[in-house]
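Report on one structure; see the data block that follows.
The values are calculated or read from the model by the stated rules, or taken from the named source; none is laboratory data. Quantities reported herein were computed from a predicted structural model and do not represent experimental measurements. Heads up, the Cβs are rebuilt from the backbone with ideal geometry, glycines too, and the neighbour counts pull from every protein chain shown.
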Amino acid sequence: MATRTPLMAGNWKMNLDHLQGTHLVQKLDWTLRDGRHDHAAVEVVVLPPFTDLRSVQTLVQGDKLALRYGGQDLSPHDEGAYTGDISGAFLAKLGCTYVVVGHSERREGHEESDELVGAKVRAALRHDLTPILCVGEPLDVRQAGTHVEHVVAQLRAALGDLDAEQVARVVVAYEPVWAIGTGEVATPDDAQEVCAAIRSTVEELVGSSVADGLRVLYGGSVKPGNVAEIMRRPDVDGALVGGASLSVDDFAAICRYQQ
Ligand code: PEP
């Protein structure tokens, strides 16, 4: 079975001004170093607003911080008359490794369809960015008991016609919409159920070796107090963290869940 390096990604959303953001990155690095965080054992990623990426790049590359960083969204297009959009080429130029695609706040607030999310995954891959593809069910779907089917359909729509080499470059985040920013957390077994279904769907699509290596994150009110139990589940390989990533102490504690 493949070894999967756990990944903790902090999605700042539209929070923190420029000074607060750069301060957070510096303090996070000091805190992790202080705790002798092993970046080879747990990969740490920050996902700031676009306007902070240049400064984060200067800090991370200038000071050789082990943190990685990425964008919260990208355009499906590479360049052109798309006012307000950000191309994957721009993110790659700024040294981004990751980009979030299909976050529920984009699917809902910006009416992003499965088709658009799929086009964004392809755009990320064209620019050698690792898409963190978000999938997850709203509350009514969970209550109807069709959450696995819902998530599998989102996954198939986004990855369906990619080849094995492309799917191997994707990270999937299972984020039940009802658990995002609400304080409601899926139980570790709920997270495991859907993360396992994601892995078996990828196995059906492109085979077991890619599925074994695929990193599947859980997201939805992850905190220092619940992360270790969630991470004990065999198909959960990390977390996409919103609110708690805005506190250095909380996010560092999440990254050090093994200690
Ligand atoms: C998120 O924004 O992806 C998220 C999971 O947020 P929170 O941790 O605040 O629920």
Name the single residue that is nearest to Val241 (Cα to Cα) among those in region 77-132 being within 16 Å of the ligand (Cβ to nearest atom) and part of a loop (DSSP other than H, G, I, E, B). His103
Filter region 105-120 down to the residues that are farther than 15 Å from Ser75 by Cβ, surrounded by fewer than 20 Cβ atoms within 10 Å (Cβ to Cβ) and in contact (Cβ under 8 Å) with a residue 24 or more places away in the chain and list them by number. Glu108, Asp114
Filter region 3-35 down to residues that are of a type in the set (S, T, N, Q) and more than 18 Å from the chain's Cα centre (by Cα) and give me whichever is farthest from Ser221 (Cα to Cα). Thr3
Looking at Ala164 and the list (1) small (Gly, Ala, Ser); (2) surrounded by fewer than 17 Cβ atoms within 10 Å (Cβ to Cβ); (3) more than 25 Å from Leu125 (Cβ to Cβ), which single condition is not satisfied? (3)
Looking at Ala197, Ala191, which one is touching a strand residue (DSSP E or B) at 6+ places or on another chain (Cβ under 7 Å), surrounded by 18 or more Cβ atoms within 10 Å (Cβ to Cβ) and over 22 Å from Val99 (Cβ atoms)? Ala191
Does Ala197 fit the bill of being modelled with pLDDT under 95 and either closer than 13 Å to Arg233 by Cα or more than 13 Å from the ligand (Cβ to nearest atom) (or both)? no
Set Val248, Val227, Val216, Val236: member being closer than 21 Å to Gly10 by Cβ, within 13 Å of the ligand (Cβ to nearest atom), crowded, with 18+ Cβ neighbours inside 10 Å and of a type outside the set (Lys, Arg): Val227
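Residue by residue, here is whether (1) out of contact with any Phe, Trp or Tyr (no Cβ under 7 Å at 6 or more places or on another chain); (2) under 24 Å from Phe90 (Cβ atoms) holds:
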| position | (1), (2) |
| --- | --- |
| Leu125 | yes, yes |
| Asp128 | yes, yes |
| Ile132 | no, yes |
| Val141 | yes, no |
